[in-house]
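The values are calculated or read from the model by the stated rules, or taken from the named source; none is laboratory data. Here the structure is a predicted model, which is why all the values come from computation and not from measurement. A quick note on method: Cβ atoms are made from the backbone with ideal geometry, for glycine too, and the neighbour counts reach across all protein chains shown. Only protein heavy atoms, including side chains, enter the accessible area calculation; ligands, DNA and RNA are left aside. Shrake-Rupley method; radii C 1.70, N 1.55, O 1.52, S 1.80 Å.
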Amino acid sequence: MSSERYPFSEIEAKWQGTWESSKQFRVDQDPSRPKFYCLEMFPYPSGRIHMGHVRVYAIGDLLARYKWMRGFNVLHPMGWDAFGLPAENAAIEHGVHPAIWTYENIDNMRAQLRKMGISYDWDREVTTCDPDYYKWEQLIFIRMLERGLAYRRRSTVNWCPSCQTVLANEQVEAGRCWRCDSEVTKRDIDGWFFKITAYAEELLAWCDRLPGWPERVMTMQRNWIGKSEGAEFDLPVAGRPELTLRIFTTRPDTAFGMTYAVLAPEHPLVDALLTDPAERATVERFRAEVARQSELERTAEDRPKRGLRLQAQVVNPFNGAAIPLFVADYVLMTYGTGAIMAVPGEDQRDWAFARQHGLPIIETVKRPEGWSGEAYTGDGVKINSGFLDGLTIIEAKRQAIDWLVQQGLGTAKINYRLRDWGISRQRYWGAPIPVVYCPVDGMVPEKEEHLPVVLPQDVQLSGKGGSPLAEVASFVNTTCPKCGGRARRETDTMDTFVESSWYFLRYCSPHYERGMFEPAAADYWMPVDQYIGGIEHAVLHLLYARFYTKVLRDLGLVKVDEPFQALLSQGMVIKDGAKMSKSKGNVVDPDDLIRTFGADTARLFSLFAAPPEKDLDWNDHGVEGASRFLNRVWRFVLQHAEEVRTALSVYVGGGETPPPTAPPDRAGATARSSNSDSGGRSGVATIRSSEGKVFRRTIHETIARVTDDLERDFHFNTAISAIMELVNALYAFEAGPRDRLPAGERAALLREAIETVLLLLGPFSPHVTEELWQQLGHTESLFKRPWPTADAAVLVRQEVTVVLQVDGKVRGRLTVEVDAAEARVQELALADDKVRPWLQGRTIARVVVVPNRLVNVVTRS
RNA sequence: GCGAGAGUGGCGAAACUGGCAGACGCGCUGGACUUAGGAUCCAGUGGGCCCAAAGCCCUUGGGGGUUCAACUCCCCCCUCUCGCACCA
């Protein structure tokens, strides 16, 4: 059966070779043309590409090629996120060095990507495990260190026992490792942090200034940053004038309803409060129990709150009442001050705990009529609240804070959920952190002229835990950059998310040797105009990259505030309702697919089957449909190639004209009149027959639809369906009687239609269209042609079909001239044979005429 | 619990600011061409009433509402997906 198909293998190999050897997609800065930076998230070189890659790169290439044809100077690069654990794990399992494993995988995957025929500028390929790459990251690390944006401290961190390394908060998903799904534990360990919290407010503020990002991604980032405004203040410990308990609340207005207070079990004040040895023993037992719980257990749904009442009491400064003090597992040491005032009347968690322990509940907000709930968090007027009584909640918050400030007890306070980014990894295959520990000078950054600190090649990878670099004497033992004495190198490596936080900047000038990137190049190309990638990075990579860009801006290196102007989050590729996985046996291998159907078909189907942001349910029959369509185009074009080659043009693009160099209209599909210079030109056919005119309008309507779908909202699937409709119309046009319109017109129209199909379809399925374009006698690449424009004059209709309704139900249709007078349309509608029977015995109450659309006759009996 | 998104034929999906629901594709049915068809081309294909046609009725998760007109706007409810989750 494959003999029935067009020879896609030969064609695809041919054009991939041609595009590469002619460096067709190589770009340079060109200030005279508008730029478009199109970027897909670069892959981790795992060894083979999967269908998710096919989908994301098909989308990226479609946009890149389309923008080329629209006259943009398009930067479309590719590279490799090459550091990471899988390489190291492969080394441990198979004894192959991570570098060898990684570079072999890169070679494999590059070959696979080349078979997809994507318009990358391969001269800009970047590989992050290359010392020429991470050198600059090390330099920026030192700059960040100087500004306090990188720091080292001991803290309780997330530890993946399987990966044997620390994880950042963003890399823990529901208590499990983002990479290997192992349950995460806690560890107290020294490590390096990036001070992303210093940018919390700015990162949050810009969430409202990136209209090109999907709302759900922005929401996830906002939630992750988790800003909450409130107050921090002290509760004196009763009978212990030297001790106070600092608490954070978002509801200072409810302070009069405070009936107890709670400390996190790990809170340092607990020790100072314990004087009785028996109590100390009980509390220690409780703390040990809580500590034993895993993150998963502690955050399990509907878990009862566990707490222990201390002998000590604290004083509510608002009313002087002495209230009980608890340690309880529902208060977290990692948020706020690790201690809370409990207001069971207005907080559901406090309510549940108070009920459990028989604690009093005071309501401080008037409940609405008929309220029968538990804790009340709604609006209302303050009651039982001393000087706050009668105020609204908002006003009471303000006055409570004013009072705290006057009394010297506390202040207004903003807290964020966002934690600093822990970047230390106790693993080998990553960029070395460029610092040295000297017995005399302490921690000292490596001298800039000594960068990069190169990752040594000869290393034992046992997988037994501990930084492998610590075992490499030649690496560890060094001299202090300051005093020249004996010193030790840092043996942790950086989180691989650091490399991916700036690769898009390196692409701007990948071979630049005097810095991270050439300033002029970054100024020209940045920001990325369209970024495309999976939703799994909604917080992780996308938040880190935003942060890192702002750091680089503040270091004076880039001018942009944000790296990515617009983001397209493409959905997953699933099959039979489930994510593709080996264990489910529902994996589609891109190589098989390309071998059986060709890259053009694989790409076309992945763009056609679903809108890009939705999950794509892979369907083998659907792929055959895409293949069938390309074959249909192939056969038709070749059958008529001879006729087209000798046809006159009705098309301004006819003949070999150079691509446009004038800046196109970035706003989109405004039609340049495509036959403005065709009048009276020899070799140009004029369409006179009405059938020809109708068909020509179909061609131009398709141009308008496809352009609109691409410009407006990434409606790739409907763009393809519009092209399919045009091809169907083309078959129908061709099948009609030959003599119904002049031969010259017929040939000219076939030519315009066929050339339009190829131009519109090109960015979706580039090889077959490029081949057919050449078969039509063109000597220049299809992708150097301007994108076709719909001719406004051709789109004009003389007549429209108007729907006739009686009482909202369709009863007939009417053809009238465009913009016919309403009164005339109404008259024709009421006289219509299909309409009249429905008016028998009824009175016309009203006639609604929507110009060029419909007439609705409203009746009553 | 909080937040975001989504519910439309047998399936993937269309329908721009309210104006012919189901474009396009898959699948299915019938026909043509064929030694053959799992190639290709043509026609049909939401459900129901009807021998059939013309025609009529019903149909966008459920229930209300606004409107001449609702997949689209408003209110209530149900289901699913994703994210965060004892964040004070």
Practice problem: Run A:Leu828 past the list (1) part of a strand (DSSP E or B); (2) over 50 Å from the mean Cα position of the chain (by Cα) and report the number of the one that doesn't hold. | Solution: (1)
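With respect to A:Arg666, determine if the residue is among the charged types (D, E, K, R), modelled with pLDDT of 50 or more, assigned to a loop (DSSP other than H, G, I, E, B) and surrounded by fewer than 19 Cβ atoms within 10 Å (Cβ to Cβ). Lay out the reasoning, then the answer.
Numbers: among the charged types (D, E, K, R): yes; modelled with pLDDT of 50 or more: no; assigned to a loop (DSSP other than H, G, I, E, B): yes; surrounded by fewer than 19 Cβ atoms within 10 Å (Cβ to Cβ): yes.
When the stated conditions are applied, A:Arg666 does not pass them.
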Quiz item: Name the pairs whose Cβ atoms lie under 6 Å apart, with the first residue in segment A:415-440 and closer than 30 Å to A:Gly338 by Cβ and within 16 Å of RNA strand B (Cβ to nearest atom), the second in a loop (DSSP other than H, G, I, E, B) and open to solvent by 10 Å² or more (accessible area, probe 1.4 Å), and 6 or more positions between them or separate chains?
Solution: A:Asn415/A:Gly336; A:Tyr416/A:Gly226; A:Arg417/A:Gly226; A:Asp420/A:Lys195
Quiz prompt | Pairs with Cβ under 7 Å, 6+ apart, first in segment A:556-584 and within 30 Å of A:Asp620 (Cα to Cα), second of a type in the set (Lys, Arg) and not in a loop (DSSP other than H, G, I, E, B) | solution = A:Gln570/A:Arg55; A:Met572/A:Lys579; A:Val573/A:Arg55
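With the requirement that a residue be in a helix (DSSP H, G or I) and open to solvent by less than 30 Å² (accessible area, probe 1.4 Å), what does segment A:163-203 give you?
Of all residues in segment A:163-203, those in a helix (DSSP H, G or I) come to A:169-171, A:196-203.
Those that are in a helix (DSSP H, G or I) and open to solvent by less than 30 Å² (accessible area, probe 1.4 Å): A:Glu170, A:Gln171, A:Ile196, A:Tyr199, A:Ala200, A:Leu203.
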Quiz item: So A:Phe72 fits all but one of (1) within 30 Å of A:Thr601 (Cα to Cα); (2) crowded, with 23+ Cβ neighbours inside 10 Å; (3) away from RNA strand B (no atom under 16 Å from the Cβ); (4) among the aromatic types (Phe, Trp, Tyr); what number is the exception?
Solution: (2)
Quiz item: Name the residues in segment A:832-861 that are open to solvent by 60 Å² or more (accessible area, probe 1.4 Å), in a helix (DSSP H, G or I) and more than 9 Å from RNA strand B (Cβ to nearest atom), would you?
Solution: A:Arg836
Quiz prompt | segment A:476-495, residues that are farther than 22 Å from A:Trp101 by Cα and not in a loop (DSSP other than H, G, I, E, B) | solution = A:Val476, A:Asn477, A:Thr478, A:Thr479, A:Arg486, A:Ala487, A:Arg488, A:Arg489
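Of these, A:Ser606, A:Ser627, which one is in contact with a Lys or Arg (Cβ under 6 Å, 6 or more places away or on another chain), among the polar types (S, T, N, Q) and crowded, with 21+ Cβ neighbours inside 10 Å?
Of the residues listed, the single one that is in contact with a Lys or Arg (Cβ under 6 Å, 6 or more places away or on another chain), among the polar types (S, T, N, Q) and crowded, with 21+ Cβ neighbours inside 10 Å is A:Ser606.
On the basis of being more than 15 Å from RNA strand B (Cβ to nearest atom), in contact with a strand residue (DSSP E or B) (Cβ under 9 Å, 6 or more places away or on another chain) and of a type in the set (D, E, K, R), does A:Arg751 make the cut?
In short, yes.
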Self-check item: Some residue of segment A:249-258 being open to solvent by 10 Å² or more (accessible area, probe 1.4 Å), more than 9 Å from RNA strand B (Cβ to nearest atom) and outside any helix (DSSP H, G or I)
Solution: no
Quiz item: What number of residues within segment A:514-550 satisfy the criterion of being open to solvent by 20 Å² or more (accessible area, probe 1.4 Å), touching a strand residue (DSSP E or B) at 6+ places or on another chain (Cβ under 9 Å) and of a type outside the set (D, E, K, R)?
Solution: 4
Quiz prompt | Pair list, Cβ under 6 Å, 6 or more apart: segment A:341-357 residue open to solvent by less than 70 Å² (accessible area, probe 1.4 Å) and assigned to a helix (DSSP H, G or I), other residue charged (D, E, K, R) and within 9 Å of RNA strand B (Cβ to nearest atom) | solution = A:Phe353/A:Lys305
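Residues that are surrounded by fewer than 19 Cβ atoms within 10 Å (Cβ to Cβ) and not aromatic (Phe, Trp, Tyr): does segment A:755-767 have at least one?
no
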Quiz item: Which residues, counting only those in segment A:694-725, are without any contact (Cβ under 8 Å) to a residue 60 or more places away in the chain and open to solvent by 30 Å² or more (accessible area, probe 1.4 Å)?
Solution: A:Val694, A:Thr698, A:Arg705, A:Asp708, A:Glu711, A:Arg712, A:Asp713, A:Thr718, A:Glu725
Self-check item: Hits in segment A:207-223 - residues which are open to solvent by 10 Å² or more (accessible area, probe 1.4 Å) and either within 12 Å of RNA strand B (Cβ to nearest atom) or over 15 Å from the mean Cα position of the chain (by Cα) (or both)
Solution: A:Asp208, A:Arg209, A:Trp213, A:Pro214, A:Glu215, A:Arg216, A:Thr219, A:Met220, A:Arg222, A:Asn223
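Would you check which residues across segment A:772-800 are part of a helix (DSSP H, G or I) and small (Gly, Ala, Ser) and list them? Show your work before the answer.
First, the residues of segment A:772-800 that are part of a helix (DSSP H, G or I): A:772-775, A:782-784, A:792-795.
Listed by number, the residues that qualify are A:Ala792, A:Ala793.
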Quiz item: Looking at A:Arg48, A:Arg5, A:Arg65, A:Arg33, which one is within 16 Å of RNA strand B (Cβ to nearest atom) and basic (Lys, Arg)?
Solution: A:Arg5
Quiz item: Can you name the residue in segment A:535-556 that is at pLDDT 95 or above and not in a helix (DSSP H, G or I) and is also nearest to A:Arg179 (Cα to Cα) among such residues?
Solution: A:Leu555
Quiz item: Quick one: A:Asp791 ticks every box in (1) among the acidic types (Asp, Glu); (2) surrounded by fewer than 12 Cβ atoms within 10 Å (Cβ to Cβ); (3) in contact (Cβ under 8 Å) with a residue 60 or more places away in the chain bar one, so which box is it?
Solution: (2)
Exercise. Name the one entry in A:Ala722, A:Ala729 that is more than 14 Å from A:His640 (Cβ to Cβ), out of contact with any Phe, Trp or Tyr (no Cβ under 8 Å at 6 or more places or on another chain) and in a helix (DSSP H, G or I).
Key: A:Ala722
